[in-house]
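Trainee: What follows is a structure written as structure tokens; I'll ask about it next.
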Amino acid sequence: MVKTLKLGQALKTLQLPGLDKNLFSSKEWFNVITCAYNPKIYVKYIERDGKIDSYIVYTKVYNFLEWKICVLSYCDYCDGYVKDIGDWKLLFESLTQDFPKYRIAIRSLRDNFVRECGCFHELSREYFHILDIRPDIDTLWSNVKTTFRQKVRQASKKGVTVRICNEKELFDFYSLHVKLRKNKYRIFAQPYRFFKSIWDEFVAKNQGFLLGAFAPDGKMIGGTLYLICGNTLYYKVNTSDPDRTEYRSSNLLFWEGMKIAKERGLEFIDLGSSGYHQDGLVSFKDDTGAERMDIVHIGYHPEGYVFSKKRILKFYTWLFTLPWVPVNVTRWGSQFIYSFLA
């Protein structure tokens, strides 16, 4: 029998196995997205002989844009802890019974059962990169592409310095992030409260760090927010000043982050997701020597479900990222809009 609890109650009363298998299934990450966006998160689980055999964590999205069940909002991926195909079918039946008018969206990286259960169809794919850093540092240096090594050297020759930043510098990093996403990509950045929540849950507890890159004049020109979960360093957010790209700060930031990961005894770097169309980002990750995989977006929708074209959301994104709109106005807009991007 499938049972359901709110996430907070489930964490208090159930022994959920596998919560530490990756960042996006960790209690700390649940705390981050709860503090930043306050989504409605639930756990569906199957218990046999007093033991949790299978469960999924999901978000109920209900707003003027759409009705959706998402496994799980604000995550690159979130594979369920599901025993077999049969249990996935039971969980699917429970979801459709509870939410007959909702569509279901899942981002699957390693869960083959959900892809093979026959309940969902493939929607799209995006790339995922993982780098094994167990070899010694010299081997890792030789494994990165020649172009990557050249850009690291260029940054150093131009006088770029990299160091771990303090909390006061978090807002400088965030301001660069907003500027880059607004001016280059014409999209919203996550609100500042998201980054503050990450700092409180991870960095302040020595489970992550903000690495900043600084030009010879002392100004921050780039940064990477790294998080740690288990034996893996997560390359969570990287940004750079779009007006000072000649410094090649991103390559140096990654290399220095890798060295810190080695010093801390970590074994892998999760470089996250990249769209198939993001040629520059994909090439950057390929150049690190990372293995490329696919995150598969799969879904289900009931008969007659009308998909939202999200015209209002697209209009506000277009409006708030116009070149003449001040960055602080764009920043204000993200505080409101981003909760609808679940």
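Every number here is computed from the coordinates shown, using simple stated rules; none is lab data. Because the structure is a prediction, the values reported are computed rather than measured. Cβ: placed from backbone, ideal geometry, glycine included. Neighbour counts: every protein chain shown.
Trainee: At 7 Å along the Cα-to-beta-carbon direction for both Phe336 and Arg110, put a label point, then send me their distance in nm to one decimal.
Mentor: Simple spin-label model gives 4.2 nm for this pair.
Trainee: Can you tell me the order of 266-276, 138-148 when each peptide is scored by its average per-residue count of other Cβ atoms within 10 angstrom, highest first?
Mentor: Going from most to least packed, we get 266-276, 138-148.
Trainee: Less than 9 Å Cβ to Cβ from Asp79, Lys/Arg counted +1 and Asp/Glu -1: what total charge do the surrounding residues give?
Mentor: +2
Trainee: Roughly how big is the chain's charge dipole about its Cα centre, with Cβ charges of +1 (Lys, Arg) and -1 (Asp, Glu), in debye to the nearest 20?
Mentor: Dipole of the chain, to the nearest 20 debye: 1060 debye.
Trainee: Please give the charge dipole size of segment 163-312, origin at the Cα centre, charges +1 on K and R Cβ atoms and -1 on D and E Cβ atoms. Round to the nearest 20 debye.
Mentor: Approximately 580 debye in magnitude.
Trainee: Next up: Each residue of segment 102-111 in order: what ³J(HN,Hα) in whole Hz does its phi give by Karplus 6.51 cos²θ - 1.76 cosθ + 1.60, θ = phi - 60°, with x for Gly and Pro?
Mentor: So the J values, rounded to whole Hz, are 9, 8, 10, 10, 9, 10, 10, 10, 10, 8.
Trainee: Sticking with the crude label model, points 7 Å out along Cα→Cβ, report the distance from Thr34 to Arg48 in nm, one decimal please.
Mentor: Taking the simple label geometry, Thr34 and Arg48 are separated by 3.0 nm.
Trainee: Starting from the Cα of Lys51, draw a straight line to each of the aspartates and glutamates and keep only those under 20 Å, dropping any in the same chain fewer than 8 residues away.
Mentor: Correct list for Lys51: Asp20, Asp79, Asp84, Asp87.
Trainee: Could you check the spin-label model distance between Ser142 and Arg264? Points 7 Å from the Cα along Cα→Cβ, value in nm.
Mentor: 2.8 nm
Trainee: Arranged from highest to lowest average of other beta-carbon atoms within 10 Å per residue, in what order do the peptides 47-57, 100-110 appear?
Mentor: Going by the mean number of other Cβ atoms within 10 Å, highest first, we get 100-110, 47-57.
Trainee: At a Cα cut-off below 19 Å, give the lysines reachable from Lys314, other chains included and same-chain residues fewer than 8 away excluded.
Mentor: Lys68, Lys179, Lys182, Lys184
Trainee: Which residues in segment 165-198 have a backbone N closer than 16 Å to a point placed 7 Å from the Cα of Asn328 along the Cα-to-Cβ line?
Mentor: The answer is 171-172, 175-176, 178-179, 192, whose backbone nitrogens lie closer than 16 Å to the label point.
Trainee: Is there a pair in Lys83/Lys259; Lys12/Lys89; Lys40/Lys262 whose C-alpha atoms are over 29 Å apart, and which pairs would that be?
Mentor: Lys83/Lys259; Lys40/Lys262
Trainee: Let me ask something else. Which three extents, in angstrom, do the Cα atoms of segment 245-342 have along their principal axes, listed largest first?
Mentor: Sorted from largest, the Cα extents of segment 245-342 read 50, 42, 26 Å.
Trainee: Can you tell me the equivalent ellipsoid semi-axes for the chain? Use √(5λ) from the Cα gyration tensor, largest first, whole Å.
Mentor: So the three semi-axes of the chain are 35, 24, 18 Å.
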